[in-house]
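Participant: Let me begin by handing over the structure; questions about it come next.
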Amino acid sequence: MSHPSKDPQSPGQDHQAGVISTEWQGSEQERLDARPSETSRRTFLFKLAVGFNALVGVVMAVPIFGFLLGPVFKKRDDNHAWISLGSIASFPKGETRLANYLNPVTGPSDGETAKVACWVRRTEEDKFQVFAVNCAHLGCPVRWFAQSKLFLCPCHGGSYYEDGTRASGPPPRGLFEYQHRTQGGALEIFAGEMPTLSNEACAGKKPLIQVTSANDERRPA
Amino acid sequence: MNDSKQSGLKKAGLGVFNWFERRLGLGSQVAEMSGHPTPVSAASWWYVFGSAAMVLLGLQVMTGILLALVYSPSASNAWPSLQFINHNLTLGWFLRAMHGWGSDFMIAIVLIHMAQVFLFGAYKFPRELTWIVGVVLLLLTLGMAFTGQVLRFDQDAYWGLGIGASITGSIPVVGGPLVKLLLGGPIIGGATLSRFFTLHVFVIPGILLAGVAVHLLMVLKLGINEWPMPGRLVRKTDYEKNYAALTKSTGVPFVPDAAWKDAVFSAVIMLSVMGCAWFLGPIGPTGVPDPTIIQTAPKPDYPFLWIFAVLAYLPPELETPLLLIAPPLIIGGLLLLPLVAGEGEKHWSRRPVAVLMITLIAVVLGVFTKLGTYAPWSPQMDAWSSYTVPAEYLEHRTPLERRGAVVFQEKQCRDCHSLNSTGGQRGPALDKVAAEMTEDQIIRQILQGGGNMPAYGKALNPAETKALTSFLMTLHGHQRPAKDASLGTMPQNGTHPAAPVAENPPAK
């Protein structure tokens, strides 16, 4: 634009710069005169101050980013634990049923969202499969249809067979599967993170040699 | 004159103004800004969208602050607090409705503004940076829409976060840490909601408002784009000189010559938002965000429906590469556009590729959004139990064929296949299936699946398969059933049981 930037004209005022009133002369001028002619010391001090500030900034960045990235650096074992899904008697042989559990790590304001659902399939007396409800495509909740023996996803129509393998649709793989064990008549799974393609809460990986310390005492009441 | 009462009052008012003016100096700057000369051709109805977007932003800030008075950003209380606003507070539902519809309007207006700026060549020299900042503002606006949708913490929001996490999780190497950063913890929960609240209320609005200020400052500094004329080329060497000469000779003050149109349009948009809010009501919340209630079909809000649709149609093997490559390419292209095409023709009549691109993008976004509204790719999860087989499909049928109709319903075929236009649309409608496929082909398709259909070999026993096939073979409309041409030379044997079933009895 062609507008020269002008000082706003204060109404009824004309301020003339350049001429200083007599009572204003004095101390400032003396200080100015007292300054050493070379400025290397002050330049050096300024640079030192900037450097010092930068150092403080770096030190401060540690807690700031540490806090922000806290969840990222949590180890898998910090989030996971063996969780009971209840007595194995509640999962009849030859059926696939929905089960719920409370996530081992929860926050004070999680409310209902602290709960997680999963599908439990019992094929034989001691043979189970526990699937995440999250579709391997985009994480929508799959539903079990016993009559056609399929898991169907409502979002983009991914479907899986009763054993969790991919049947059709966009999912790149079968359903995510939890590690499980039976302990004292209860079915337990090793869970704690939302299953996505990136983490290991899923099948297809070699079974982990499980650390036994990650056990009951870590389970929420 | 000074003695009269009226001018005494006037003088006092002026005195107060001057007191502030002397200290702030804003008045003269505002006067100068609002009176800045605009090419008379730019005082047009086509130039009203930017200001309308800004007014909508103001509405969003205002209604947002009011909603924040009551909204509780915790996973356990967000949903009840929204219900409380909707049902227990005076005009709470209207405030929520205005905020929701204002968001949709803002995205629409921003996109129209962008298309207009593109078609009028306004992104060219010297306004490249204005465009680039504008692209960032568009992304921030979309960010506001997505985070806002999460704050409406219902089933759609919960599973929408799951979709976000799943997409993030498919990124190689950094996917895992990014998911945790996104969710703020191992699962979708309170930490997730509060970080989206922080983004929606502090981080993005802060950057957005600063960006708008820069955007506006550049419009003031560089002047409003003149109406493009075919053949009037932009050159870095003389554009500024020509523009200055143009505004000097044909310039009119922005206020009032152009601004009245902005004001009228903004008022109409505000009335439209209020109209939508009043007659269509607040958006959601849908069901309570309980992860154990899985009887839900989550869907994103309007601005993201097209992405939902694209994700349904992409072949699985293309999905991750495209998700990772397309966004940087699109955003990079938008950002680089003015740097690559910063000079030359501005008029749309001499830029056929630009017109074609805008048309193509509009059609693609429109079609995918429309598809997203009814999601034909999604199975209709309750079709099998909620629709009946049309009566005319059961008349004059044998008991076996009728038994087949029962199998058809019972095995959830209807969830993906429609009969008489009811049922899922994921698979083809089966009203005339026997006219298109032979009995053998139908049996093979059912038992082995393929082409996006699961194999039902393990879910059907031979008797069920036989019954189902018999029923499907009756569905041929007014055409004759399809027949294997190679069988025509052999003795007719219309009723023999299908060979593959006899040869390959399905397991179990």
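Participant: For B:382, A:33, what ranking results if the residue with the fewest other Cβ atoms within 10 Å of its Cβ goes first? Each step should come with its number before you reach the end.
Facilitator: Numbers: B:382 15, A:33 7.
Sorted ascending by nearby Cβ count, the order is A:33, B:382.
Participant: For B:159, B:377, which order do you get if you count the other beta carbons within 10 Å of each Cβ and list the fewest first? Working shown, then result.
Facilitator: Numbers: B:159 27, B:377 22.
Neighbour counts put them in this order, fewest first: B:377, B:159.
Participant: May I pose another question? Please give the per residue volume of the convex hull enclosing the alpha carbon atoms of segment B:1-107, rounded to a whole number of Å³. Write out the running numbers ahead of the final one.
Facilitator: On the way: hull volume 22.6 nm³, N = 107.
That works out to 211 Å³ per residue.
Participant: What whole-number distance in Å separates the alpha-carbon centres of segment B:410-436 and segment B:121-180?
Facilitator: Segment B:410-436 and segment B:121-180 have Cα centres separated by 37 Å.
Participant: Taking 2.2 N^0.38 Å as the expected size of a compact globular protein, what ratio does the Cα radius of gyration of chain B give against it, to two decimals? Kindly include the intermediate steps, with their values, before the conclusion.
Facilitator: Working: Rg = 31.1 Å, N = 508, 2.2 N^0.38 = 23.5 Å.
The value comes to 1.33.
Participant: Using only the Cα atoms of segment A:22-70, build the gyration tensor, take square roots of its eigenvalues as a ≥ b ≥ c, and label the shape rounded, prolate or oblate: rounded if a/c is under 1.5, else prolate if a/b is larger than b/c, else oblate. Provide the component values of the computation, followed by the final result.
Facilitator: On the way: a/c = 9.49, a/b = 2.78, b/c = 3.41.
Oblate is the answer for segment A:22-70, as a/c is 1.5 or above yet b/c matches or exceeds a/b.
Participant: If you take every residue apart from residue A:155 with its C-beta less than 14 Å away from the C-beta of residue A:155, what net charge results, scoring Lys and Arg +1 and Asp and Glu -1? Working shown, then result.
Facilitator: Working: positive: A:143, B:299, B:426; negative: B:156, B:319, B:415.
Summing Lys and Arg as +1 and Asp and Glu as -1 gives 0.
Participant: Quick one: helix B:204-222 against the long Cα principal axis of chain B, what's the angle to the nearest 10°, folded into 0 to 90?
Facilitator: Approximately 50 degrees, to the nearest ten.
Participant: Here's another thing I want to ask about it. I'd like the distance between the alpha-carbon centres of segment A:65-87 and segment B:71-96, rounded to an integer number of Å.
Facilitator: 32
Participant: While we're here: By the gyration tensor of its Cα atoms, with a ≥ b ≥ c the square roots of the eigenvalues, what is the shape of segment B:85-207: rounded for a/c under 1.5, prolate for a/b over b/c, or oblate?
Facilitator: On the way: a/c = 2.56, a/b = 1.25, b/c = 2.04.
Oblate shape, in that a/c is at least 1.5 and b/c is the bigger or equal ratio.
Participant: According to the square roots a ≥ b ≥ c of the eigenvalues of the Cα gyration tensor, what is the shape class of segment B:67-108, taking rounded for a/c under 1.5, prolate for a/b larger than b/c otherwise, and oblate for the remainder?
Facilitator: Numbers: a/c = 2.78, a/b = 1.54, b/c = 1.80.
Taking the square roots of the gyration eigenvalues as a ≥ b ≥ c, segment B:67-108 is oblate.
Participant: Would you mind checking which residues have amide H under 5 Å from residue B:234's amide H? H placed 1.01 Å from N; only 5 or more apart, or other chain.
Facilitator: Answer set, sorted by chain and number: B:344, B:345, B:346.
Participant: Residue B:23 to residue B:288: FRET efficiency via 1/(1 + (r/R0)^6), r the Cβ-Cβ distance, R0 51 Å, to the nearest 0.05? Spell out each step's value before the answer.
Facilitator: Values: r = 54 Å, r/R0 = 1.06.
Taking R0 as 51 Å, the efficiency between residue B:23 and residue B:288 is 0.40.
Participant: Next question. How would A:69, B:472 line up from fewest to most surrounding beta-carbon atoms within 10 angstrom?
Facilitator: Sorted ascending by nearby Cβ count, the order is A:69, B:472.
Participant: Using only atoms on other chains, find how many Cβ atoms lie within 10 Å of each Cβ of peptide B:158-165 and report the average. Let's see the in-between values first.
Facilitator: Details: counts 3, 8, 3, 3, 11, 8, 2, 7.
Across the residues of B:158-165, the mean count of other-chain Cβ atoms within 10 Å is 6.
Participant: Measure nothing fancy, just the Cα-based angle from helix B:128-151's long axis to the longest principal axis of chain B, in degrees from 0 to 90, nearest 10.
Facilitator: 50
Participant: Shifting gears a bit: Find the centroid of the Cα atoms in segment A:97-126 and in segment B:270-334, then give the distance between the two in whole Å.
Facilitator: Segment A:97-126 and segment B:270-334 have Cα centres spaced 27 Å from each other.
Participant: Ok, one more. For residue A:34 and residue B:217, what does the FRET efficiency come to when R0 = 35 Å and r is the distance between their Cβ atoms, rounded to the nearest 0.05?
Facilitator: Details: r = 43 Å, r/R0 = 1.22.
According to the calculation, E is roughly 0.25.
Participant: Can you list residues from other chains, or at least 5 along the same chain, whose modelled amide H is less than 5 Å from the amide H of residue B:301?
Facilitator: Those lying under 5 Å, H to H, from residue B:301: there are none.
Participant: List, largest first, the extents of the alpha carbons of the protein assembly as shown along their principal axes, each in whole Å.
Facilitator: Largest to smallest, the principal-axis extents are 119, 67, 55 Å.
Participant: Report the label-to-label distance for residue A:72 and residue B:448 in nanometres (one decimal), using points 7 Å from each Cα along the Cα→Cβ vector.
Facilitator: It works out to 4.9 nm between the two label points.
No value in this document is a laboratory result; all are computed from the given coordinates. Since the structure is predicted, the reported quantities are computational estimates derived from the model, not experimental observations. A quick note on method: Cβ atoms are made from the backbone with ideal geometry, for glycine too, and the neighbour counts reach across all protein chains shown.
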